[in-house]
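The values are calculated or read from the model by the stated rules, or taken from the named source; none is laboratory data. Remember, it's a predicted structure, so these values are computed and weren't measured experimentally. Don't worry about glycine lacking a Cβ; one is built from the backbone with ideal geometry, like all the others, and counts go over all protein chains shown.
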Amino acid sequence: MEVKTANFEKKTIHSTTTVSGAEAVIKCLLEEGIDTIYGYPGGAIMPVYDELYKYQDKLHHVLTRHEQGATHAAQGYARVTGKVGVAIATSGPGATNLITGIADAQIDSTPLICITGQVGSHLLGSDAFQEIDIVGISTPITKWNYQITKASEIPEVFAKAFYIARSGRPGPVLIDITKDAQFASMDFSYKKCSGIRSYTPFPEVNLLAVQRAAEAMNQAKKPLIVFGQGVILGEAEALFKQVVEKSGIPAAWTILGLSALETKHPLNVGMVGMHGNYGPNMLTNECDVLIAIGMRFDDRVTGNLEQYAKQATVIHFEIDPAEINKNVKADIPVLGNVKETLQLLLEFLKPNEHTAWHQEFKDYYAKEYDKVIKHELNASEGELKMAEVIDEINTCFKGDAIIVSDVGQHQMVACRYAKFNSSRSNVTSGGLGTMGFALPAALGAKMGCPDREVVAIIGDGGYQMTIQELGTIFQTKSAVKIVLLNNGFLGMVRQWQQMFFERRYASTELVNPDFITIAKGYHIKTNQVTERSQLKDAVRDMFEANEPYFLEVKVEKEENVFPMIPTGAAVSEIRLE
Amino acid sequence: MEKKNFTVSVYTENNIGLLSRIAAIFLKRHINIESITASKSEVNGVMRFIIVVNVTEEKVIKIVGQIEKQIEVIKAFYHTDEELIYQETALYKIRSADFVEDLNIQDFIKETNARIVTVTPKFFVIEKTGKRQETENLYEKLKPYGLMQFVRSGTIAVSKNEMQISEILEKFNTNTVS
Ligand SMILES: Cc1ncc(C[n+]2csc(CCOP(=O)(O)OP(=O)(O)O)c2C)c(N)n1
């Protein structure tokens, strides 16, 4: 089998050097501008590790404590930098440990290259020691994958892999390399891939569709924009802001769209979806034109589809043709990279202010504030609320930090309350909801943006899923600020048990270790908050630290996250209590 | 929307992993594949899968979208029966004794334009190409005589309209050669 790329024939003009397949792998990574990779060694990938030893001043390998951590760290790195994250593992269990991160990257469109070692090609199919069909296993969760059995394939396949991972709608690519292909020698020359004939990263833009969208937006009396990660992935934040400002249309975000538009922007009306804000959810079912930009109508966003925005004309700006009409029928689909389509749209938009319509969002916010927000932020007695901690982080870090959240109640609270001044600052596992994501992802984010503050917000459940990555943080001296919101429960599940299973708390109460001692064991600076009065100083102390820092905050044990759209309910059936 | 038969044609690069990628798309959505064939196509080096499913049109559109998304898929189409020329082939193996002794069988074969492929002292192999109903009819007729073996191929089909695969590939070449 050969790998076809556009420039297959034109490659020979490049000079070649003879190297081993393993060295070729490193050279490919360097050619693609990679300086940091995350991984874990083992038998089938040892030739590559041996080359890493030689190249250690050019390519920094970060030894995570579990391969899952390697994928999440690479994801964190990719999400904050926009570059491709790279994870590497051995065959068999090393490879299968990558699966959760690959699935997470696939559903959240994160550019990721995963390299796995494989048993020698003569052993393939023999159930050899640590042989696993990782290409088969990863097929449904990769944008592309490939098994290399000949060293000569390496440059071509890597070039193609990087191109696929980062172009169009990004995603994870897995490359499996047999051990003999790593040992064999080959003539190395590298040419970046610039096109694959069976793959169209950006669908062609239809100007007419853009014009129709603009017309509908111009005529709308009650338009609502819902934006997702597409704005960030398309590097279209500035354009998007111009579109919002010119049209005067209120803009709400999905969890992955968060930070594409700064929180304090007057046209930013908050989050849509299950634990989103009251106004944008309620008004989704009242708007006359719904403009979806770079989002995919996930069920956590739409609630019951039968009752989702039925009254509205739906405009869908989207890069992936398969997303059009997948969940919500688009009256005006606008295919293409939003960077291109929004640019065109801008020309046709008429300035507007929609003052009365905005007032409706403000009125709903006032209700939400009164019923929910006020009580979460301003409690003066009783146990600490998660929102207070986030609010204190806002005060100290002033919206400039990268916030990496894990999965559960604290994630929803973090996304609801954290303030962001700039894009690519919210890192969370959206589509897969992977507990254990945050700690390694925060490490990757810090390595990707060493000059920025990175704060990980994690629950006591998820923390223990990848807690071993404290070792990696300690070893790399990455100044990640870890905030553990300890409620002694798998809080989100407990909330559902309380609301929908008559408080039968089956296996959700946690018997926890002494988290402070554990962090100390890794020589990480620690602090613990058990009283409201300690919070301010503790967050300040964490902010001022120039090293990894672990802050445990004991929060209310049985707090519930509101507002909430119960599963199966309509967005307008969102509950405030 | 009512379910009916749709024929999905997928033009692909010749690639080992692609069959499982495509199959996974159906599997994930609990869609039964009625028949599937793979062969070379009219374009050099390009494979063509023909997959028949019984689903609503809404569903088949979504499936085609997901299939096209796969990197090595050049283009996927779906067609209704009316838009296609399609055929299946069936092979029927019957005991020579039955065949020789029962004139009915010989009549069936003549009536249905079936063809005798192989004759041995022990068995005959009959081949019938046509629409599902035709191969099915012959099956029903031969069954009482004790079919030794029966097998039917997947549907193969060509569309009445042009597929324009060469044009798509041509366009790619002109766009990228700088
Ligand atoms: C890997 C994984 N397993 C299970 C779940 C289901 N789940 C979602 S939220 C949650 C509870 C999270 O508890 P914790 O980390 O303590 O955070 P909290 O909700 O208390 O803030 C669970 C178990 C999941 N999302 N991911």
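Quick notes
- Test: residue in region A:533-551 that is within 27 Å of A:Arg494 (Cα to Cα), within 16 Å of the ligand (Cβ to nearest atom) and surrounded by 16 or more Cβ atoms within 10 Å (Cβ to Cβ): yes
- Of the criteria (1) closer than 30 Å to B:Lys143 by Cα; (2) within 14 Å of chain A (Cβ to nearest Cβ); (3) of a type in the set (Phe, Trp, Tyr), which one B:Tyr86 fails: (2)
- Residue within region A:297-309 that is crowded, with 19+ Cβ neighbours inside 10 Å, hydroxyl-bearing (Ser, Thr, Tyr), in a loop (DSSP other than H, G, I, E, B) and not assigned by TED's automatic domain parsing to the domain that holds A:Lys536 present: yes
- Region B:39-76, subset farther than 20 Å from A:Thr142 by Cβ and in contact with a Gly (Cβ under 9 Å, 6 or more places away or on another chain), residue surrounded by the most Cβ atoms within 10 Å (Cβ to Cβ): B:Ile51
- Selected residue (criterion: farthest from B:Tyr11 (Cα to Cα)) from residues of region B:61-87 that are among the basic types (Lys, Arg) and free of Cβ contacts under 8 Å to residues at least 60 places away in the same chain: B:Lys62
Conditions (1) closer than 25 Å to A:Glu237 by Cβ; (2) crowded, with 23+ Cβ neighbours inside 10 Å; (3) not small (Gly, Ala, Ser), marked per residue:
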position: A:Glu383; (1), (2), (3): no, no, yes
position: A:Met386; (1), (2), (3): no, yes, yes
position: A:Ile393; (1), (2), (3): yes, yes, yes
position: A:Asn426; (1), (2), (3): yes, yes, yes
position: A:Gly431; (1), (2), (3): yes, no, no
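- Of the residues making up region A:107-125, those that are of a type in the set (Gly, Ala, Ser), over 29 Å from the mean Cα position of the chain (by Cα) and either under 25 Å from A:Asp35 (Cα atoms) or not in a loop (DSSP other than H, G, I, E, B) (or both) number 1.
- Helices (runs of 4 or more DSSP H) within region A:405-508 that include 1 or more residues more than 14 Å from chain B (Cβ to nearest Cβ), of a type in the set (Asp, Glu) and within 11 Å of the ligand (Cβ to nearest atom): A:460-463
- Subset of region A:133-154 that is β-branched (Val, Ile, Thr) and closer than 27 Å to A:Lys27 by Cβ - its residue that is surrounded by the fewest Cβ atoms within 10 Å (Cβ to Cβ): A:Thr149
- One residue from B:Ser96, B:Ser153 being touching a strand residue (DSSP E or B) at 6+ places or on another chain (Cβ under 7 Å), more than 14 Å from chain A (Cβ to nearest Cβ), loosely packed, with under 15 Cβ neighbours inside 10 Å and closer than 29 Å to B:Val8 by Cβ: B:Ser153
- In region A:296-327, the residues that are touching a strand residue (DSSP E or B) at 6+ places or on another chain (Cβ under 6 Å) and among the hydrophobic types (A, V, I, L, M, F, W, C): A:Ala309, A:Ala312, A:Val314, A:Ile315, A:Phe317, A:Ile324
- Some residue of region A:111-120 being more than 28 Å from A:Leu443 (Cβ to Cβ), modelled with pLDDT of 95 or more and not aromatic (Phe, Trp, Tyr): yes
- Near pairs, Cβ below 9 angstrom, 6+ apart or cross-chain, from region A:479-500 (at pLDDT below 95 and among the charged types (D, E, K, R)) to any residue that is more than 6 Å from the ligand (Cβ to nearest atom) and not in a strand (DSSP E or B): none
- Check on A:Lys520, basic (Lys, Arg) and within 16 Å of the ligand (Cβ to nearest atom): no
- Flag if A:Asn487 is buried (at least 17 other Cβ atoms within 10 Å of the Cβ) and in the same structural domain as A:Asp451 (by TED's automatic domain parsing): yes
- Hits in region A:194-225 - residues which are under 24 Å from A:Ile141 (Cβ atoms) and surrounded by fewer than 22 Cβ atoms within 10 Å (Cβ to Cβ): A:Ser198, A:Thr200, A:Pro201, A:Phe202, A:Pro203
- Residue match in region A:10-20 (condition: modelled with pLDDT of 95 or more, touching a Ser or Thr at 6+ places or on another chain (Cβ under 8 Å) and crowded, with 23+ Cβ neighbours inside 10 Å): no
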